[in-house]
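Working notes, structure below.
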Amino acid sequence: MTSTTLICDTQPWKDLKAHVEDIKKTHLRDLMNDKERCESMMVEFDGLFLDYSRQCATLNTMDKLYKLAEAASLKQQINRMYSGEHINSTENRSVLHVALRAPRDAVINSDGKNVVPDVWNVLDKIKDFSEKVRSGSWIGATGKPLKDVIAIGIGGSFLGPLFVHTALQTDPEAVEFAKGRQLRFLANVDPIDVARNIAGLNPETTLVVVVSKTFTTAETMLNARTLREWISSALGPSAVAKHMVAVSTNLTLVEKFGIDPNNAFAFWDWVGGRYSVCSAVGVLPLSLQYGFSIVEKFLKGASSIDDHFRSAPFEKNIPVLLGLLSVWNVSFLGYPARAILPYSQALEKFAPHIQQVSMESNGKGVSIDGVPLPYEAGEIDFGEPGTNGQHSFYQLIHQGRVIPCDFIGIVKSQQPVYLKGEVVSNHDELMSNFFAQPDALAYGKTAEQLLKENVSQHLIPHKTFSGNRPSLSLLLPTLNAYNIGQLLASYEHRVAVEGFVWGINSFDQWGVELGKSLATQVRKQLHTSRTKSEPVEGFNFSTTKLLTRYLQASSDIPADPPTLLPRI
Ligand code: F6P
């Protein structure tokens with residue numbers, strides 16, 4: 001395929017389009033009876049077990065998908081990523097988050113330079129700094145150890161670290177290392193988020209980590225100025241040096257902000273924001289909370305999947321299979337959404353993180369060469385841990401729209417509970433649902449079955465389940481730092497696979513810019529209206545009306561109020 005050919009013009013795409021008719025004639029109830037098919041739809045790597053036999057797909061579908069991968073030059077695209085080519089062409093950047101978790105002796109080049117030594121310099125600096133803070137040899141301005149950390153950041157500078165923190169919070173090994181410490185995340189520019197973050201914390205014992213790739217993100221910078229004020233109003237301006245550190249690619253702006261560059265932890269423009277949890281973005285706050293050794297295990301788990309993704313044949317390659325199946329569901333079967341359903345409360349922040357990884361990466365309308373796409377790319381990701389989701393939106397998944405589901409289960413709970421006399425342990429109870437739901441979706445329930453159960457005639461349509469609803473099951477042995485890294489990397493690479501096949505740039509995010517620039521115009525208007533009582537001008541009728549109403553209803557707020565911080 002030449003670089004300007006769209007994937008939909010290739011023969012394998014057309015073959016898959018035609019193949020949809022064959023699949024429409026099948027039902028998962030029957031497909032699941034074919035043991036050979038099911039067995040060849042199970043893959044294992046380094047403890048991860050993927051069963052995709054409940055996809056509306058046959059072995060023939062898979063062959064056609066491998067041909068599609070070939071037509072999209074998937075193997076070459078993966079190699080281009082690992083070899084540091086500027087595959088993020090609209091920003092002229094390499095895409096090398098795999099280098100963030102590569103072993104010390106690996107060689108990964110970007111622009112002719114091996115980036116791995118730089119990665120490890122920062123990791124060593126984080127190890128050293130976090131040990132100092134954790135041991136109390138780095139102390140606050142009044143001589144007290146810093147036991148609490150607030151990480152300020154948004155989007156990729158927040159969601160990944162929050163997901164990993166939430167997942168580690170109940171891991172017995174991590175719990176031991178986190179004793180007496182707190183890690184909080186301040187993301188939203190809503191002052192309520194500031195209030196929630198500082199509630200119960202003492203600036204004397206708090207370290208603030210400002211995390212921003214660009215160090216220009218409006219929300220993060222205002223929150224950083226707010227917490228700088230919180231610290232300096234309590235402890236004096238000189239305390240900032242002891243109580244604020246930064247993670248950024250823009251060390252000049254870090255210094256301008258007033259943070260000592262020695263207390264700044266770098267990363268690089270070849271790390272996309274949403275792929276940055278393995279850089280100092282995640283590693284610093286997580287090491288402060290759990291110690292570097294735990295975080296290193298997380299990096300090793302991710303690295304194991306990186307090697308697998310690069311080297312395993314497509315039929316055995318978990319991220320490739322996940323990605324191809326998503327393309328099949330979205331572009332051929334016409335299912336635009338995907339539910340991420342971890343049967344683990346520790347993974348409650350996994351879906352929010354993957355929402356950004358997936359939707360910011362693949363929510364594109366043009367090909368990498370700027371050609372409008374005649375097909376939809378990207379998918380709508382959402383999710384909740386099981387079983388909570390079952391009591392929320394599963395109704396729609398069972399009897400309403402068809403939403404391919406990712407069921408993620410853990411063999412051994414982080415926090416097992418056994419009650420004498422109960423039929424099963426609490427974790428087995430949870431996992432009973434994990435095993436039951438995919439079959440309920442696949443098999444459904446027929447009118448005949450209901451009749452046999454003497455269900456009243458008028459209720460039969462309401463109690464019938466069509467079935468044939470696709471899902472996949474991913475089983476992890478445990479949920480420790482290593483497995484969390486594996487899970488993260490599997491999904492990161494899955495998203496890349498989808499983008500490579502759709503022929504889009506999964507590593508830029510121009511779509512977030514327009515709203516940001518319009519907010520700048522509104523900000524200016526709010527300022528002039530509040531300080532000079534100027535009328536709202538230059539907006540459409542609706543926005544003018546809304547802004548005027550907002551200003552009028554809050555006209556009792558003084559034009560130049562004194563500094564006010566939340567009192568909570
Ligand atoms: O939402 C847009 C975005 O640029 C994301 O891609 C990024 O993760 C987030 O803002 C935060 O950016 P930064 O780390 O530069 O503050």
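Observations on the model:
- Cα centroid of the range 115-151 to Cα centroid of the range 406-461, whole Å: 46
- Separation of the range 509-525 from the range 191-247 is 24 Å, based on Cα centroids.
- Percent accessible area from carbon and sulfur atoms, the range 266-397, protein chains only, probe 1.4 Å: 53
- From phi via Karplus (6.51, -1.76, 1.60), per-residue ³J(HN,Hα) for the range 425-436 in Hz, x at Gly/Pro: 5, 5, 5, 4, 4, 4, 6, 4, 5, 4, 7, 7
- Expected 222 nm ellipticity per residue - DSSP helices of 4 or more, -39500 (n - 2.57), all of the chain, to 500: -13500 deg cm²/dmol
- Calculated FRET efficiency for the pair Gln395/Lys35, C-beta based, R₀ 35 Å, to 0.05: 0.65
- Cα Rg over Rh - the range 376-415, Kirkwood: 1.05
- Normalised per residue, the volume of the convex hull around the Cα set of the range 173-317 (Å³): 138
- The chain: relative contact order in percent, alpha carbon pairs under 8 Å with at least 6 residues between: 18
- Annotation: per residue accessible area for the range 447-557 equals 54 Å², rounded to a whole number [probe 1.4 Å, protein chains only].
- Paramagnetic reach from Leu526 in the range 169-197 [backbone N under 13 Å; point 7 Å along Cα→Cβ]: 189-192
- Tensor-based shape of the range 1-115 (alpha-carbon gyration tensor, a/c under 1.5 rounded, otherwise prolate or oblate): oblate
- With R₀ set to 41 Å, the beta-carbon distance separating Asp63 from Thr170 gives a calculated FRET efficiency near 0.45.
- The overall shape of the range 45-202, judged from the alpha-carbon gyration tensor, is prolate: a/c is not under 1.5, and a/b is greater than b/c.
- Percent RCO, i.e. relative contact order, over the range 185-322, from Cα pairs under 8 Å lying at least 6 residues apart: 17
- Cα gyration tensor, the range 297-428 - rounded (a/c under 1.5), prolate or oblate: oblate
- Among 59-71, 490-502, 324-336, the order from most to least packed when residues are scored by Cβ within 10 Å on average: 490-502, 324-336, 59-71
- Pairs of alpha carbons in the chain whose separation is greater than 38 Å (percent): 37
- For the range 53-209, the carbon plus sulfur part of the accessible surface works out to 52%, probe radius 1.4 Å.
- In a fully extended conformation the segment linking Glu315 and His27 would gain 101.4 nm over its present Cα-Cα distance, using 0.36 nm per residue.
- For the range 172-303, the residue among Val247, Ser303, Thr217 whose Cα projects farthest onto the positive side of the dipole built from Cβ charges is Ser303.
- Compactness index (Cα Rg / 2.2 N^0.38 Å), the range 131-182: 1.31
- 3J(HN,Hα) along the range 120-135: 6, 4, 5, 4, 5, 5, 5, 4, 4, 5, 5, 5, 5, 5, 5, 7 Hz, from the Karplus curve 6.51 cos²θ - 1.76 cosθ + 1.60 with θ = phi - 60°, whole Hz, x for Gly and Pro.
- Rg and Dmax [Cα atoms of the range 474-527; Å; Rg one decimal, Dmax integer]: 18.9, 55
- Counting only protein heavy atoms and a 1.4 Å probe, the range 162-229 has 39 square angstrom of accessible area per residue.
The values are calculated or read from the model by the stated rules, or taken from the named source; none is laboratory data. Here the structure is a predicted model, which means the values were calculated and not measured. Cβ coordinates were reconstructed from backbone atoms using ideal geometry, including for glycine residues, and neighbour counts include every protein chain displayed. Quick note on the areas: whole protein, heavy atoms, side chains included, nothing else; ligands and nucleic acids left out. Shrake-Rupley method; radii C 1.70, N 1.55, O 1.52, S 1.80 Å.
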